[in-house]
Amino acid sequence: MALQYIAVWGFVALVSSALAGIIAGVKNRDHSFWMAWSFLLPPMVLVLAIMPARAGPRPLPPAMDHDDHRD
C-alpha cells in the first residue's frame, strides 16, 4: 500500500509540475519557479491558476556570476 501511495504521489507531482510550466508560460510568470514549487507541493498549481496574468516581459532570473551582464 505504501508503494502505491509513493507511486501515485510521484505521478501527481510530475503532472502538476508539467501543468505549472505550461500555465506559468501562458500567464507570463517564471516557469522554473512554479514548476519546482508545484513538484514539491502539487496544490501550488491551483494558486498559479488563480493568479492573474502578468503584464510586460517575462522575468529573467538573476545571473549566477556578478560580472555577467545582460544587455
What's the local net charge at residue 52, with K and R +1, D and E -1, over the other residues with C-beta under 13 Å away? +3
If each of residue 3 and residue 27 carries a label point 7 Å out from its Cα toward its Cβ, how far apart are those two points in nm? 3.7 nm
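Quick note: the coordinates plus some simple rules give every number you see, no bench work behind them. From a predicted model like this one, the values you see are computed outputs, not experimental measurements. Using ideal geometry, Cβ is built from the backbone for each residue, glycine included, and neighbour counts are taken over all protein chains shown.
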